[in-house]
1. Restricting to the stretch A:68-105, give me the number of residues that are of a type outside the set (A, V, I, L, M, F, W, C) and over 20 Å from the mean Cα position of the chain (by Cα).
2. Show me the strands (runs of 3 or more DSSP E) entirely contained within the stretch B:164-271 in which 3 or more residues are away from every other protein chain (no Cβ under 14 Å).
3. Determine which member of the set B:V9, B:V71 is under 30 Å from B:R115 (Cβ atoms) and surrounded by 14 or more Cβ atoms within 10 Å (Cβ to Cβ).
4. Where in the stretch B:1-94 are there strands (runs of 3 or more DSSP E), lying wholly inside it, with at least 1 residues that are of a type in the set (D, E, K, R)?
5. Taking only the stretch B:40-58 into account, find how many residues are away from chain A (no Cβ under 11 Å) and either surrounded by 15 or more Cβ atoms within 10 Å (Cβ to Cβ) or modelled with pLDDT under 95 (or both).
6. Pick out the one residue from B:D93, B:D104, B:D116, B:D149 that is within 21 Å of B:D186 (Cα to Cα) and free of Cβ contacts under 8 Å to residues at least 60 places away in the same chain.
7. Which of the following residues is more than 10 Å from chain A (Cβ to nearest Cβ), among the hydrophobic types (A, V, I, L, M, F, W, C) and buried (at least 19 other Cβ atoms within 10 Å of the Cβ): B:V27, B:V33?
Amino acid sequence: MTTSTQASTVTPEELGFLVSGPGRASEVALARLLDAGLIRISRQGLVSAVETPGNGATPLEAQMLASLRISPQNLDVITKTTAYSPATESLRQHLLARRLIGKPRKGALYPWAWIIAILTFVIGLGADNFLPYLLVAVAVAVLGVVFLRRKGHLTGAGKRVVKRAAALDRVTAVAVYGLRGKIFNQPVYAMFGLTASVVGMLPVRRIKKRVREDTGVGSCGTSCGSSCSSCSSASSCSSSSSSCSSSSCSSSSSSSCSSSSCSSSSSSCSSSSSSD
Amino acid sequence: MSELPRLGVGIGWRSEIDITVERLPGVDFVEVVAENIHIGHIPESVVLLRERGVPVLPHGVSLSLGGADEVDAQRVKHLAEVAEALDAPLVSDHVCFVRAGGLDSGHLMPVPRTRDALDVLVANVKAAQQDLPVPLALENVAALLEWPDGELSEGQFLAELVERTDCYLLVDVANLYANARNLGTDPERFLDEIPLERLAYVHVAGGVEHGEVYHDTHAHAVLPEVLGLLDELCSRVAPPGVLLERDDNYPSDTEIATELAAIREVVEKHR
């Protein structure tokens with residue numbers, strides 16, 4: 001399952017990582033496992049492995065599933081531990097090797113920039129001439145925000161991937177918007193039959209990239225969302241793994257949903273995104 | 001002697017599969033482990049089921065009614081409070097002991113089937129019943145050993161327990177199967193000896209064989225042999241309810257629904 005763009009082809013996990021970091025990649029792995037019926041999430045946010053064959057399609061999924069097969073874990077815990085797992089680090093190295101992200105900056109300096117800025121400001125309050133202190137404080141703060149904040153910044157190629165990313169199905173919707181995000185005013189988590197209280201357990205992270213809903217999202221995003229929102233459980237929502245075009249994506253996902261089971265296409269809809 | 005409601009076919013509610021249980025077709029009632037329910041913090045899913053009119057039966061695992069110690073009044077009180085909070089028509093626990101001398105076994109230990117042990121059990125059951133707002137049903141357990149010098153068969157033991165305490169029976173056919181496999185007991189004799197008119201409901205569960213021993217895990221698929229025992233029971237009496245117990249390694253929603261359907265098929269075969 002990949003998302004094709006003119007700049008590059010990335011998997012939903014890679015796209016999630018590029019859009020919002022390792023936590024988002026972890027959410028994508030979770031979404032894929034839900035999609036495959038390999039895990040279920042309870043009303044209280046307890047994630048558990050379904051006793052069924054399958055190990056996940058990616059190292060991240062395998063890592064998450066193996067962990068859950070040992071014991072169920074709360075949603076926030078499993079997404080966090082997976083985000084900091086060796087599998088996610090491998091994903092980051094892979095993106096680095098593909099030059100979609102740059103080498104890490106010294107993120108640890110970021111809080112120091114703020115501390116220096118605040119100290120300068122405070123010292124300036126007692127000085128005869130406050131203005132130079134104020135200017136230095138502002139300059140250090142801006143410097144910190146601009147240059148020291150992110151550990152792994154996007155390269156030009158990475159930015160192009162993110163810019164062209166489209167929520168082609170509910171899994172890539174997670175990659176682009178996150179489980180807490182919205183697509184066409186519908187919460188992404190609702191596509192998986194999850195409740196607001198459950199995804200409320202996830203740490204809040206600013207969405208750095210909003211994909212225009214008229215580019216590439218198309219009918220698939222809408223129909224996948226609306227059709228699957230009728231499912232009351234994530235575990236009952238499955239997806240076909242076959243590839244589809246943007247047009248077939250729409251029709252298949254809307255027609256295959258019933259009260260008892262709900263399907264959405266989570267396959268790649270490369271024709272959709274490449275038409276951007 | 002109060003009449004129990006017809007319960008139908010149900011499933012053990014567990015927090016991991018709460019949404020699954022809510023959505024499963026044909027769930028007429030559920031059972032919750034009473035010790036996992038906290039008054040004032042009833043799980044949202046359980047509340048939802050109650051709002052739908054689904055009976056929720058508290059199932060205790062810690063009263064230790066077969067123990068030599070007096071019944072823990074706090075545990076009975078909790079079971080009573082859960083029953084009232086859920087508006088349950090009855091509660092249940094096991095014919096077993098789980099602690100002695102201040103130590104908890106972590107298992108449902110079988111009671112020696114002697115007259116002395118029965119006297120202790122009867123006294124404890126009566127004490128518990130005094131503080132319970134609804135009828136009490138007691139379940140036969142799976143055992144890997146039998147105490148020596150037993151004076152009564154398991155069926156006789158339970159029949160006398162019912163006669164002396166007016167309790168109901170919760171028959172676990174998976175436990176019957178496990179005991180038949182591991183101890184060589186006769187399930188049909190058991191069914192012959194117990195007062196089936198006092199049957200509250202039935203448990204069905206899965207297990208797995210390791211070497212020479214059958215483990216009543218409640219974490220594996222229900223064996224056809226266990227369904228066969230349910231069939232045998234249903235040929236003698238129409239049970240008010242039959243419940244699928246699954247405590248771990250939960251399969252897909254589809255597999256759970258299939259197991260429930262298989263249970264319902266056996267039950268309806270005799271109607």
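1. Selection size over the stretch A:68-105: 5.
2. Hits in the stretch B:164-271: B:168-172, B:199-205, B:213-215, B:241-245.
3. When all the criteria are applied, what remains is B:V71.
4. Ranges flagged: B:29-33, B:91-94.
5. 9
6. B:D149
7. B:V27
Okay, residues lined up against (1) within 14 Å of chain B (Cβ to nearest Cβ); (2) surrounded by 24 or more Cβ atoms within 10 Å (Cβ to Cβ); (3) modelled with pLDDT of 95 or more; (4) assigned to a strand (DSSP E or B):
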| site | (1), (2), (3), (4) |
| --- | --- |
| A:R24 | no, yes, yes, no |
| A:A31 | no, yes, yes, no |
| A:V47 | yes, yes, yes, yes |
| A:G54 | yes, no, no, no |
| A:E61 | no, yes, yes, no |
| A:S67 | no, no, yes, no |
| A:V77 | no, no, yes, no |
| A:P111 | no, no, no, no |
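The values are calculated or read from the model by the stated rules, or taken from the named source; none is laboratory data. This structure is a prediction, so every number in the text was calculated from the model and none was measured. No Cβ is skipped: glycine too gets one built from the backbone with ideal geometry, and neighbour counts run over all protein chains shown.
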